[in-house]
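Q: Starting off with a structure, shown below.
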């Protein structure tokens with residue numbers, strides 16, 4: 001048994017972690033619970049700053065070059081500045097990934113949990129779970145034949 005407690009982000013219900021199951025990467029998430037992971041990619045502020053400094057250095061150096069030679073000298077100056085910052089850029093990722101994880105209690109626990117769960121699914125553009133089950137029941141008659149409209 002795990003000591004980790006899972007708290008439902010919609011209802012506040014809490015469940016104790018169960019046995020760890022390593023085949024689905026959900027660790028000890030209790031059966032029926034849902035893990036929601038939001039991953040967001042953003043520019044690394046340090047990488048952006050490096051690019052700004054490089055641009056400012058090229059502009060500063062180009063200001064020292066006579067105007068008639070600037071077109072010819074821009075590429076060599078840029079290469080020189082790139083070389084100066086090569087190791088710093090190599091060690092600085094362009095993006096940072098922000099990952100947030102929340103958990104949802106089983107939608108079958110109660111009508112309120114099911115409604116909250118389906119509302120969250122709908123806001124994300126997913127089909128509600130309860131409606132899918134109801135549609136399946138409505139699409140067949142008691143004899144197992146499809147109903148006519």
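Quick note: the coordinates plus some simple rules give every number you see, no bench work behind them. Just so you know, these numbers come straight off a predicted model, no measurement behind them.
Q: From zero up to wherever the largest Cα-Cα distance of the stretch 45-92 sits, split into 10 Å bins and tell me the percent of pairs in each.
A: In order of increasing distance, the bins hold 27, 49, 20, 4 percent.
Q: Here's something else I'd like to know. Nearest 10 degrees, 0 to 90: what angle lies between the long axis of helix 45-62 and the longest principal axis of the chain (Cα atoms)?
A: Computed tilt is about 20 degrees.
Q: Here is a follow-up. Percent relative contact order of the chain, based on C-alpha pairs within less than 8 angstrom and at least six residues apart?
A: 27
Q: Per the helix-only calculation at 222 nm, which mean residue ellipticity applies to the chain, given -39500 (n - 2.57) for every DSSP H run of n ≥ 4 and division by its residues, nearest 500 deg cm²/dmol?
A: -14000 deg cm²/dmol
Q: Once both axes come from the Cα atoms, what is the angle between helix 129-139 and the longest principal axis of the chain, in degrees from 0 to 90, rounded to 10?
A: Taking the Cα atoms of the chain, the angle to 129-139 is about 50 degrees.
Q: Same structure again: Just 97, 18, 55 to compare: in a GNM of the chain, with alpha carbon springs under 10 Å, which one fluctuates most?
A: Result for the chain, Cα springs under 10 Å: 55 fluctuates most.
Q: Taking only the Cα atoms of the chain, how large is their convex hull per residue, in Å³? Walk me through the intermediate numbers first.
A: On the way: hull volume 39.3 nm³, N = 149.
Taking only Cα atoms, the chain has a hull volume of 264 Å³ per residue.
Q: Rounded to a whole number, what is D in µm²/s for the stretch 1-85 from Stokes-Einstein with the Kirkwood radius over alpha-carbon pairs (20 °C, 1.002 mPa s)? Intermediate values should be presented prior to the final figure.
A: On the way: Rh = 18.0 Å.
So the translational diffusion coefficient is about 119 µm²/s.
Q: I want to verify a result. In a Gaussian network model of the chain, Cα cutoff 10 Å, which of these has the top mean-square fluctuation: 64, 119, 84?
A: In this elastic network of the chain, the residue with the biggest mean-square fluctuation among 64, 119, 84 is 64.
Q: Among 66, 93, 30, whose mean-square fluctuation peaks in a Gaussian network model of the chain (Cα, cutoff 10 Å)?
A: Per the Cα network of the chain with a 10 Å cutoff, 66 tops the list.
Q: Something else about it: Nearest 5 is fine: what % of DSSP beta bridges in the chain come out antiparallel, could you say?
A: 95
Q: Angle check, please: helix 70-90 long axis (alpha carbons) against the longest principal axis of the chain (alpha carbons), in degrees 0 to 90, nearest 10.
A: The answer is roughly 50 degrees.
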